[in-house]
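A short write-up of the structure that comes next.
The values are calculated or read from the model by the stated rules, or taken from the named source; none is laboratory data. Everything numeric in this text was worked out from a predicted model, so none of it was measured. Cβ atoms come from the backbone with ideal geometry, glycine included; neighbour counts cover every protein chain shown.
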Amino acid sequence: MATQVLTVEDDDSIRTVVKLALEDEGWGVLEASNGEDALVIFRDKGADVVLIDIMLPGMNGFEVCRSIRRTTDVPIIMVTARSDTHDVVAGLEAGADDYLTKPFEPKELSARIRALLRRSRSQGSDAVQMTFGELEVSPEQGVVTLRGEQVHLTKTEFKLLVELASGPSKVFSRETLLEKVWGYDYFGDGRLVDVHVRRLRTKIEPDPADPRYVVTVRGLGYKLVP
Amino acid sequence: MAERRLGLRARVIIAFSIGALLLSALLSVVTYSVTRANLIEASEKDALSNAGTNALSINGELSDSTDISELVPLMTSVITPTNTLQGMLFDNRGYYVDTFRFTDQDLNDNLRETLLASKSASMTYDIGDQPHHVIGLPLPGAQANAYYIQAAPLQNVEQALNSLLPTLASASAITTVLGMAFGVYVTKRLLTPIDEISHAARLIASGDLATRLTSRGDPDLDQLIQSFNGMATSLQERIERDSRFASDVSHELRSPLMALTGSVAVLEGRRDDMPERAQVALDLLSTNIGRFKVLVEDLLEISRFDVGAVQLDTEEVALGEFIRQAIGAAVARERNVPIIHNNGTDELFVELDKRRIAQVIRNLSENADKYAGGVTQIRLHHDGDDVRIEIEDEGPGVPVEERELIFERFARGIEGGRRGSGTGVGLGLSLVTEHLRLQGGTISVTNRVDGLTGSRFVISLPKIVVE
């Protein structure tokens, strides 16, 4: 079945043009003009990627995002009209995997969607199981365990962890991670990495404030300590 | 000419010092006068009783027949030796001078007259150079109008008073110093709220709009604090309203632009199916929407600066790596712009707003692409905490008379004045200036120093080096 993208956008012109552009890529598009409809459509039909505009009438984009995130790991892209730290970080904190600022090029959107789909379909190729203290990462099974118990990570968080695990103790710059995990080929937004690292830490670190595994390397980026 | 006025602090301290000085001086003068009067009275009383005793003793030894020649031995035998001067006056036989240098001249006319008139006298006048208390008493045993005269120097009193003076002076000095110290204390107490207010005002001016003063429980100060907080609140609301407006406008402009950009992209995907004339029109549409998009983005960015709604978002980065990434993102993938490190800039950690500085570099790089064939190299220098980024090209350079102008809004160099290419909006460099200003940085353009043609954009970022 063709990839289905659910686009939640109240502006008819934008929704239509996004639909046209995504259909040109060969993807199916589901449309919702408000948050409530979006949740119903997502529940009934599902989607492979969800595109949510932050400014929606009634239920706002953050709420839609949180609501969807409660039940699934489906890749979510937030669309914001502002590149202010507040909206971007709030969107990522709500569980979005990536964000786009209006006006974006349809090419940019499809590139982001492709990167997310890649992420959710192949969980890294090196099949070996990797162990870091009490943390075990199995890229092939897509499973992470901490002290023997499975940790639930979103696909982006998992991909980020696998990427860091691919070079134990090696320092990954935010730019490298943006490229490898999010598929950015330009000077990306480090906040994307920072928010996801923060979320990852709350799930795998004994003390997220004083990380044992995912350690910040001052001025350079992050590394995974074996 | 403006009069140089002393500060409130200095004036209050001076007032307190002068007050303390005046008060202590007054107290000293009063103390001195009272002490002096008391001492003189006591000494007079002393002298009077001493003189009375002596007069009584002499009187007992005297008779009408006592010869003048016997008087001296008589006096010396009777009188207890003191530091007084003695003499006798016989109105019919003249004055008799004693052995203690109490001479005829020492006998004041006034005393003589007072004695003869009222039989006794007590007065103070100078004998030799010194003030003496002179007492005259009648000697009825001798004959009528015979008097015993005794003069006691007031030196003791003066000495006592003289020793009091330094004590009083130092007490005054100490009081003055204490007054000054009190003045310092009071001004400190008084000015602390003023210092807090000025600190708060500085914080607000530097962008911390949520700054408020806390009540001190003093009704006089609370009024000021309330009006200050009221001002801060309305200022904050106003700025937030303005920034909300900018952000609302941003949304309003971005949405139609989004629809336009998307539609053109969909059309471009079908360009080959179109007749030639439609293709030309599509290209025009596409180019101009691109220009429009850049203009709107730049305008929105600059309006955020104008309403003060911008926030610096700094983080610590390795300078060399950051510049490499930033220029790498700005230029085409296959191009490699050499970065030349000077005095250890490759090992430098700096604190900067990555997004803004990357945008500055991208902007300069795009300008170089448009007008000068692209950036050829980047040089990094640092001087203490200050970092200099020099971005060089090998283009025609910027004429001297345009070197300041190009950083102003909607200003373009002569080369950029041609709109034929359909690109180039004169906001880029003014945005660069604003981005840098937010970090305390500056930009200027000069010739290349190595003698090659081309321009060199020099970005100075002060105090960003970490450690």
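Whether any residue in segment B:143-156 is assigned to a helix (DSSP H, G or I) and either closer than 28 Å to B:LEU26 by Cα or acidic (Asp, Glu) (or both) is what I want to check. Spell out the reasoning first.
Quick first cut of segment B:143-156, residues assigned to a helix (DSSP H, G or I) only: B:155-156.
Cutting the leftovers down to either closer than 28 Å to B:LEU26 by Cα or acidic (Asp, Glu) (or both) gives us B:155-156.
Checking segment B:143-156: at least one residue is assigned to a helix (DSSP H, G or I) and either closer than 28 Å to B:LEU26 by Cα or acidic (Asp, Glu) (or both).
Just one of the numbered conditions (1) polar (S, T, N, Q); (2) under 22 Å from B:GLU394 (Cβ atoms); (3) surrounded by 14 or more Cβ atoms within 10 Å (Cβ to Cβ); (4) at pLDDT 90 or above is not true of B:THR442; which one?
(2)
Among the candidates B:PHE322, B:PHE305, single out the residue that is more than 37 Å from the chain's Cα centre (by Cα) and among the aromatic types (Phe, Trp, Tyr). It would help to see each step written out before you state the result.
Numbers: B:PHE305 fails: more than 37 Å from the chain's Cα centre (by Cα).
Criteria check complete, one pass: B:PHE322.
When only residues in segment B:222-245 that are surrounded by fewer than 19 Cβ atoms within 10 Å (Cβ to Cβ) and aliphatic (A, V, I, L, M) count, which is farthest from B:HIS199 (Cα to Cα)?
For segment B:222-245, the residue satisfying everything is B:ILE239.
Are any of the residues in segment A:10-30 in contact with a helix residue (DSSP H, G or I) (Cβ under 6 Å, 6 or more places away or on another chain) and within 25 Å of A:VAL195 (Cα to Cα)? Lay out the reasoning, then the answer.
First, pick out the residues of segment A:10-30 that are in contact with a helix residue (DSSP H, G or I) (Cβ under 6 Å, 6 or more places away or on another chain): A:11, A:13-14, A:17, A:20-21, A:25, A:29-30.
Subsequent filtering for residues that are within 25 Å of A:VAL195 (Cα to Cα) retains none.
So far as segment A:10-30 goes, no, none of its residues is in contact with a helix residue (DSSP H, G or I) (Cβ under 6 Å, 6 or more places away or on another chain) and within 25 Å of A:VAL195 (Cα to Cα).
Can you tell me which residues in segment B:444-467 are under 42 Å from the mean Cα position of the chain (by Cα) and without any contact (Cβ under 8 Å) to a residue 60 or more places away in the chain? Steps first, please.
We begin by selecting, within segment B:444-467, every residue under 42 Å from the mean Cα position of the chain (by Cα); these are B:444-446, B:457-467.
B:SER444, B:VAL445, B:THR446 - these are the residues of segment B:444-467 that are under 42 Å from the mean Cα position of the chain (by Cα) and without any contact (Cβ under 8 Å) to a residue 60 or more places away in the chain.
Among the numbered criteria (1) part of a helix (DSSP H, G or I); (2) more than 11 Å from chain A (Cβ to nearest Cβ); (3) free of Cβ contacts under 8 Å to residues at least 60 places away in the same chain, which one does B:ASN288 miss?
Condition (3) is where B:ASN288 drops out.
Quick check on A:LEU100: is it surrounded by 14 or more Cβ atoms within 10 Å (Cβ to Cβ) and either more than 14 Å from every other protein chain (Cβ to nearest Cβ) or at pLDDT below 85 (or both)?
Details: surrounded by 14 or more Cβ atoms within 10 Å (Cβ to Cβ): yes; either more than 14 Å from every other protein chain (Cβ to nearest Cβ) or at pLDDT below 85 (or both): no.
The answer is no for A:LEU100.
Only one of these conditions is not met by B:ASP346: (1) acidic (Asp, Glu); (2) in contact with a Gly (Cβ under 6 Å, 6 or more places away or on another chain); (3) surrounded by 17 or more Cβ atoms within 10 Å (Cβ to Cβ); (4) within 14 Å of chain A (Cβ to nearest Cβ). Which number is it?
The number of the failed condition is (3).
Kindly indicate the residue of segment B:445-460 that is modelled with pLDDT under 90 and among the aliphatic types (A, V, I, L, M) and also nearest to B:GLY207 (Cα to Cα) among those meeting that condition.
Residue satisfying both the conditions and the ranking: B:VAL449.
Given (1) in a loop (DSSP other than H, G, I, E, B); (2) within 51 Å of the chain's Cα centre (by Cα); (3) more than 9 Å from every other protein chain (Cβ to nearest Cβ); (4) not hydrophobic (A, V, I, L, M, F, W, C), where does B:ASP298 come up short, assuming only one miss?
(1)
Any idea which of (1) more than 10 Å from chain A (Cβ to nearest Cβ); (2) at pLDDT below 85 is the one B:ASP353 doesn't satisfy?
For B:ASP353, the exception is condition (2).
Does B:VAL266 count as more than 60 Å from the chain's Cα centre (by Cα), free of Cβ contacts under 8 Å to residues at least 24 places away in the same chain, buried (at least 17 other Cβ atoms within 10 Å of the Cβ) and part of a helix (DSSP H, G or I)?
On the way: more than 60 Å from the chain's Cα centre (by Cα): yes; free of Cβ contacts under 8 Å to residues at least 24 places away in the same chain: yes; buried (at least 17 other Cβ atoms within 10 Å of the Cβ): yes; part of a helix (DSSP H, G or I): yes.
So B:VAL266 fits the description; yes.
Counting only residues that are without any contact (Cβ under 8 Å) to a residue 40 or more places away in the chain and in contact with a helix residue (DSSP H, G or I) (Cβ under 8 Å, 6 or more places away or on another chain), which one in segment B:319-329 is nearest to the other protein chains (Cβ to nearest Cβ)? Steps first, please.
Looking only at segment B:319-329, we keep the residues that are without any contact (Cβ under 8 Å) to a residue 40 or more places away in the chain, and these are B:321-322, B:324-326, B:328-329.
Narrowing further to those that are in contact with a helix residue (DSSP H, G or I) (Cβ under 8 Å, 6 or more places away or on another chain): B:322, B:325-326, B:329.
Details: B:PHE322: 9, B:GLN325: 5, B:ALA326: 6, B:ALA329: 3 Å.
Going through the qualifying residues, I end up with B:ALA329.
Taking B:SER17, is it surrounded by 15 or more Cβ atoms within 10 Å (Cβ to Cβ) and closer than 30 Å to B:THR175 by Cα? Steps first, please.
Values: surrounded by 15 or more Cβ atoms within 10 Å (Cβ to Cβ): yes; closer than 30 Å to B:THR175 by Cα: yes.
Considered against the rule, which asks whether it is surrounded by 15 or more Cβ atoms within 10 Å (Cβ to Cβ) and closer than 30 Å to B:THR175 by Cα, B:SER17 comes out as yes.
Check B:ASP272 against each of (1) of a type in the set (D, E, K, R); (2) over 30 Å from A:ASP87 (Cβ atoms); (3) touching a residue at least 40 places away in the same chain (Cβ under 8 Å) and name the one condition it does not meet.
All conditions pass for B:ASP272, except number (3).
Given A:LEU220, A:LEU192, A:LEU178, A:LEU164, which one is more than 14 Å from chain B (Cβ to nearest Cβ), of a type in the set (A, V, I, L, M) and either buried (at least 17 other Cβ atoms within 10 Å of the Cβ) or over 19 Å from A:VAL144 (Cα atoms) (or both)? So that I can check it myself, show each step before the final result.
Values: A:LEU220 fails: more than 14 Å from chain B (Cβ to nearest Cβ); A:LEU192 fails: more than 14 Å from chain B (Cβ to nearest Cβ); A:LEU178 fails: more than 14 Å from chain B (Cβ to nearest Cβ).
Unique residue meeting the criteria: A:LEU164.
For the structure I just gave you, tell me whether A:VAL50 is closer than 26 Å to A:VAL195 by Cα and modelled with pLDDT of 90 or more. Walk me through it before giving the result.
Values: closer than 26 Å to A:VAL195 by Cα: yes; modelled with pLDDT of 90 or more: yes.
Yes: the conditions hold for A:VAL50.
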